[in-house]
Amino acid sequence: MSQAHQLLVMKFGGTNMQDARAISHSASLAARSLREGVKVIVVVSAMAGVTNQLLQLADAAQSGDIARANDDIAAMRTRHFTAAQELGAAPDSETVRELRELHETLRQAVYGVYLLRELTPRSRDLIVAFGERLSAPLMALALEQSGLRAKHMTGGEAGILTDTHFGNARPQSSTYERIKDRLSGFLSAGVTPVIAGFMGETDKGAITTLGRGGTDFSATIVGKALGADEVWAWKDVDGVMSADPRVVKDARNIEVLSYGEVMELAYFGAKVLHPLAVTPLKESGIPLRVKSAADPDFAGTLVRAQADQDPNRPVKAVTAIKNVSLLTVTGAGVLGVPEVIASVFSAIARENITLLMVSQSSSMSNVSMAVPSTDAERALNALRSGLSQELNVEEKSNVAVLAIVGSGMRGQQGVSAKMFSALASEGINIQMISQGSSELNISVAIDGPQVDTATQAVHNAFSLGVQG
Ligand code: ADP
Ligand code: ASP
Ligand code: MG
């Protein structure tokens, strides 16, 4: 398959980087293409679990528990050093020296948080990006051990320049030229760049991150910058599946999805890709493949501009977001006034809160919004202080949003009816309904504890586990 390609970006996820064995295997997947004459750029995630650990230890330092933070750093350090050793690094090697230096800087950054008892989004990004910074040298080492030339670098060094939205940064438009400038020389010299994913840098050199799952996004940014033939995201699953395989045992791999379909899926909770991952690819039409590292010859999922139009399969996948809260603004008569609706949304927008679903009752006497529960408190405060006293705001927590996704739903009758009756047959009450204007999804809000049953029921109703 890869013979026709000249340039591929390969992204390796957390499980593909979790220990020396996984890293060697990942390096062998890149090496396979390199030996066929394909130029490859590698983008890596942190070792599985490390990102969560870094976030937790930063919180511990902020709350004054430096002993716990240091214990966690020590455990992580052992993991990175063991991997380096198992990959064949000598104790006095460059890799070991670099890992030691990175760990020392991490320890200092965490100590600073402890002294100040303050963890800003900026310092959190600095700390959490160490996960990727520590795994890049290990991948470069694994490539070198198999006789290839490699050069590891941070996201910033690779040219990823972002805005200052720490924790959720976006690439600046000049990023693409910068990446090309910085990486082309390595590629023409036969050196494989190994980039720490998830991270970028502001114009002042502060480290930013692109949001959870951001290594997918780093890879597609680099793919666009260099005009790659394809971007391959290697994972621990066969590809993008018809449902979360941890929830639905008979979930199946989806052969083809459009950029739009995959974005909807990721937006509605399918953790398999970052919600913005395909955005850099849209203009140039570069395909993204989601592939299984355990089964590299399996095609996985091809994500491209056009959807696969199978009239028998209007719905391709079902997905869910857990831990959602519904906020309902009520106030007879007042809500019909457009300015009031505008003030509801601007209060939410000022807080930069994602609205997962919105619906307005036909009497116009209430507006309901679904938001991630972690943002509910902030949203409530913003609404209460931003709206007139005549309006009332209520919160219902422990809700989930379930969505079906597929471009074939457009104009097809009976799709929502099928979804609703599948839910009804399980006795699941629908609290809110919305259909995206793109008609790529229909989403419903239901009781949180019923979400897995609901996912399975909807998956069955659309026969998503059956070969198409
Ligand atoms: P990586 O580090 O490779 O990006 P992630 O853990 O972020 O890995 O994403 C892969 C995981 O996403 C899978 O192991 C699976 O549990 C989960 N997942 C959730 N929904 C889906 C889906 N629809 N298709 C495939 N995987 C899914
Ligand atoms: N390591 C980061 C995360 O866990 C980024 C990624 O894996 O894509 O969110
Ligand atoms: Mg991921």
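The values are calculated or read from the model by the stated rules, or taken from the named source; none is laboratory data. As the structure is a computational prediction, the values presented were derived from the model and not from experiment. For neighbour counting, all protein chains shown are included, and Cβ atoms are generated from backbone atoms with ideal geometry for every residue, glycine included. Heavy atoms of the whole protein, side chains included, go into the accessibility calculation; ligands, DNA and RNA do not. Shrake-Rupley method; radii C 1.70, N 1.55, O 1.52, S 1.80 Å.
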Has the stretch 193-216 got any residue that is among the charged types (D, E, K, R), assigned to a helix (DSSP H, G or I), surrounded by 24 or more Cβ atoms within 10 Å (Cβ to Cβ) and at pLDDT 95 or above? yes
Would you be able to say whether some residue in the stretch 355-377 is closer than 19 Å to Ala400 by Cα, open to solvent by 70 Å² or more (accessible area, probe 1.4 Å) and within 23 Å of the chain's Cα centre (by Cα)? yes
Filter the stretch 218-246 down to residues that are out of contact with any strand residue (DSSP E or B) (no Cβ under 8 Å at 6 or more places or on another chain) and touching a residue at least 40 places away in the same chain (Cβ under 8 Å) and give me whichever is most open to solvent (accessible area, probe 1.4 Å). Lys224
Hey, among the residues in the stretch 275-292 that are open to solvent by 10 Å² or more (accessible area, probe 1.4 Å) and within 16 Å of ligand 2 (Cβ to nearest atom), which one's nearest to Asn460 (Cα to Cα)? Pro275
If you go through Leu34, Leu29, the only one that is more than 16 Å from ligand 2 (Cβ to nearest atom) and under 24 Å from Gly159 (Cα atoms) is Leu34
Set Leu148, Leu119, Leu99, Leu141: member being in contact with a His (Cβ under 7 Å, 6 or more places away or on another chain) and modelled with pLDDT of 95 or more: Leu99
Among the residues that make up the stretch 43-57, is at least one of them among the hydroxyl-bearing types (Ser, Thr, Tyr) and over 21 Å from the mean Cα position of the chain (by Cα)? no
Unmet requirement for Thr319, which otherwise passes all of (1) assigned to a strand (DSSP E or B); (2) away from ligand 1 (no atom under 12 Å from the Cβ); (3) at pLDDT 95 or above: (2)
Inspect all residues belonging to the stretch 165-174 and state whether any of them is among the basic types (Lys, Arg), within 16 Å of ligand 2 (Cβ to nearest atom) and open to solvent by 50 Å² or more (accessible area, probe 1.4 Å). yes
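For the stretch 378-395, enumerate the residues that are in contact (Cβ under 8 Å) with a residue 60 or more places away in the chain and open to solvent by 40 Å² or more (accessible area, probe 1.4 Å). Break it down into steps so the answer makes sense when it comes.
So in the stretch 378-395, the residues in contact (Cβ under 8 Å) with a residue 60 or more places away in the chain come out as 391-395.
Correct list: Asn392, Glu394, Glu395.
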Condition first: assigned to a loop (DSSP other than H, G, I, E, B) and not hydrophobic (A, V, I, L, M, F, W, C). Now tell me which residues in the stretch 217-236 satisfy that. Gly227, Asp229, Asp236
Could you run through the stretch 30-55 and say how many residues are under 13 Å from Val194 (Cβ atoms), out of contact with any helix residue (DSSP H, G or I) (no Cβ under 6 Å at 6 or more places or on another chain) and within 16 Å of ligand 1 (Cβ to nearest atom)? 1
Asn16 fails exactly one of the following numbered conditions: (1) within 16 Å of ligand 3 (Cβ to nearest atom); (2) open to solvent by 50 Å² or more (accessible area, probe 1.4 Å); (3) touching a His at 6+ places or on another chain (Cβ under 8 Å). What is the number of that condition? (2)
Cβ-Cβ under 8 Å, sequence separation 6+ or interchain: first residue in the stretch 445-464 and farther than 12 Å from Leu423 by Cβ, partner part of a helix (DSSP H, G or I) and open to solvent by 30 Å² or more (accessible area, probe 1.4 Å). Which pairs? Phe462/Lys418
Would a scan of the stretch 129-145 turn up a residue that is free of Cβ contacts under 8 Å to residues at least 40 places away in the same chain and in a helix (DSSP H, G or I)? yes
Considering only helices (runs of 4 or more DSSP H) wholly within the stretch 4-99, the ones with at least 1 residues that are among the aromatic types (Phe, Trp, Tyr) are 66-86
Taking the stretch 111-144 and keeping residues of a type in the set (A, V, I, L, M, F, W, C) and more than 25 Å from the chain's Cα centre (by Cα) leaves Val113, Leu115, Leu116, Leu141, Ala142, Leu143
Condition check: open to solvent by less than 60 Å² (accessible area, probe 1.4 Å), closer than 18 Å to Ile207 by Cβ, assigned to a helix (DSSP H, G or I) and of a type outside the set (Ser, Thr, Tyr). Does Val113 satisfy that? yes
For the stretch 301-344, name all the residues that are of a type in the set (Gly, Ala, Ser) and more than 23 Å from Ala266 (Cα to Cα). Gly331, Ala332, Gly333, Gly336, Ala342, Ser343
Right, Arg182: basic (Lys, Arg) and either within 26 Å of Ala142 (Cα to Cα) or within 16 Å of ligand 1 (Cβ to nearest atom) (or both) or not? yes
